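Some notes on the structure that comes next.
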Amino acid sequence: MWQDVLSTLFPKRCIGCETIIPSSQLFLCERCTCNLPFAHLPLNKENFLYEKIDPTAKIEAASSLLFFKKDTLSQKLIHHLKYKNRPELGEWLAKIWFEQNRHNSALAEIESVIPVPIHSKRLKKRNYNQVSLCGRKLASLLNCEYDETTLIRIHHLESQTQSGKYERMNRMKNAFQRTNQEVKHYLLVDDVFTTGATLSSCTKELTKVEGSKVSIFALATTE
Ligand SMILES: [Zn+2]
């Protein structure tokens with residue numbers, strides 16, 4: 001009964017257009033679900049994400065689920081994931097990505113899923129790493145390990161949205177550190193791919209251990 005009262009007082013709304021949705025719908029109304037801007041970039045070397053990564057970082061493959069544009073549905077989703085305490089959105093998007101890539105042989109190579117780490121100061125402020133649930137879900141779907149300890153963030157950087165590619169790359173250098181010498185093929189997971197500086201930096205650190213390989217996945221990417 002309380003559930004009914006609550007859902008009458010606070011009906012569930014679509015994250016995209018804010019219309020009221022039935023409680024059975026997860027995050028979006030049917031119309032917004034149909035309008036999800038899929039990037040159709042399966043995990044491989046044949047896409048612009050792969051090209052954008054610093055070539056000295058040597059990734060194996062790259063993929064993204066959605067195109068990220070300002071003032072669109074994808075921005076709203078990422079905003080809720082990051083700042084509105086909705087990390088379960090990442091879990092849902094991870095499942096969609098897995099379904100789209102299910103027959104891709106590159107997935108079978110992955111041995112461990114690592115979220116791009118956030119600094120402990122930011123973790124304290126936000127209470128969660130926005131891609132943790134996404135990473136955990138992927139690890140369970142890929143039947144492999146989920147690992148939040150091999151890569152840590154040692155430098156806290158302020159908001160970087162205003163800085164250019166080279167400035168970001170410089171600031172990102174040495175922001176991450178490996179904590180062990182395990183040799184694995186890692187799937188590195190981030191929320192938004194913009195310049196690729198963060199993912200390049202993480203990859204360089206992970207591949208410092210000879211034999212380690214890195215593929216990358218971002219929930220959304222700029223075009
Ligand atoms: Zn909607």
Self-check item: Given (1) at pLDDT below 95; (2) part of a helix (DSSP H, G or I), index of the condition GLY135 fails
Solution: (1)
Practice problem: Return the total of residues in segment 27-60 being under 18 Å from the mean Cα position of the chain (by Cα), assigned to a helix (DSSP H, G or I) and in contact (Cβ under 8 Å) with a residue 40 or more places away in the chain. | Solution: 2
Practice problem: Return the only residue of ASN180, ASN174, ASN170 being out of contact with any Asp or Glu (no Cβ under 8 Å at 6 or more places or on another chain), at pLDDT 95 or above and not aromatic (Phe, Trp, Tyr). | Solution: ASN180
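Here's the yes/no breakdown for (1) aromatic (Phe, Trp, Tyr); (2) within 13 Å of the ligand (Cβ to nearest atom); (3) at pLDDT below 95; (4) surrounded by 12 or more Cβ atoms within 10 Å (Cβ to Cβ):
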{"site": "PHE10", "(1), (2), (3), (4)": "yes, no, yes, no"}
{"site": "CYS14", "(1), (2), (3), (4)": "no, yes, no, yes"}
{"site": "PRO55", "(1), (2), (3), (4)": "no, no, yes, no"}
{"site": "ILE59", "(1), (2), (3), (4)": "no, no, no, yes"}
{"site": "SER64", "(1), (2), (3), (4)": "no, no, no, yes"}
{"site": "LYS69", "(1), (2), (3), (4)": "no, no, yes, yes"}
Exercise. Restricting attention to segment 178-223, report how many residues are over 15 Å from the mean Cα position of the chain (by Cα) and not in a helix (DSSP H, G or I).
Key: 16
Self-check item: Only one of ALA108, ALA94 that is more than 29 Å from ARG31 (Cα to Cα) and in a helix (DSSP H, G or I)
Solution: ALA108
Self-check item: Selected residue (only one of SER63, SER74 is assigned by TED's automatic domain parsing to the domain that holds HIS103, in a helix (DSSP H, G or I) and in contact (Cβ under 8 Å) with a residue 12 or more places away in the chain)
Solution: SER74
Quiz item: Would it be correct to say that LYS124 is free of Cβ contacts under 8 Å to residues at least 12 places away in the same chain and among the basic types (Lys, Arg)?
Solution: yes
Exercise. Filter segment 138-167 down to the residues that are part of a loop (DSSP other than H, G, I, E, B) and at pLDDT 90 or above, then identify the one that is nearest to SER200 (Cα to Cα).
Key: THR150
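The values are calculated or read from the model by the stated rules, or taken from the named source; none is laboratory data. Bear in mind the structure is a predicted one, so any value in this text is a computation, not a measurement. Every residue, glycine among them, receives a Cβ derived from its backbone with ideal geometry; neighbour counts consider all protein chains shown.
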